[in-house]
Amino acid sequence: ALLNVLEQHIAAYDLGINYNKTKVIIVDREHDNHREIKSIGRCEVVQSFVYLGSLIGNSGSCENEIRRRIQQVRGAMTKLTKIWRDHNITKATK
């Protein structure tokens with residue numbers, strides 16, 4: 001359907017779809033997503049993926065993205081703990 005139309009249009013520019021890298025996500029705010037759908041055409045259906053640094057989920061909400069970013073910050077701050085506690089490093093350097 002939609003992938004076939006896309007494939008026809010990009011063929012005019014000598015381009016193609018890499019189906020090994022192409023993923024499809026079904027965004028469903030009503031939460032009645034059919035989990036049994038494993039693929040659409042030659043593309044794999046996924047529940048979530050990271051696009052341009054943001055987590056995109058099939059529910060349409062951003063709760064998981066917020067949790068993921070909080071975990072990233074927590075991990076970065078944990079790595080800096082030794083520097084914060086080191087008395088040999090001046091406050092200006094910290």
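Relative to the longest principal axis of the Cα atoms of the chain, helix 63-79 runs at roughly 30 degrees. A simple spin-label model places the labels of Lys94 and Leu52 3.7 nm from each other, with each point 7 Å out along Cα-to-Cβ. Distance between the modelled labels on Leu3 and Asp28, one decimal in nanometres: 1.8 nm (7 Å Cα→Cβ projection).
Values in this text are rule-based calculations from the coordinates and carry no lab data. Every value quoted in this text rests on a predicted model; they were computed, and no experiment measured them. Reconstructed Cβ throughout: ideal geometry from the backbone, glycine too, with neighbour counts over all protein chains shown.
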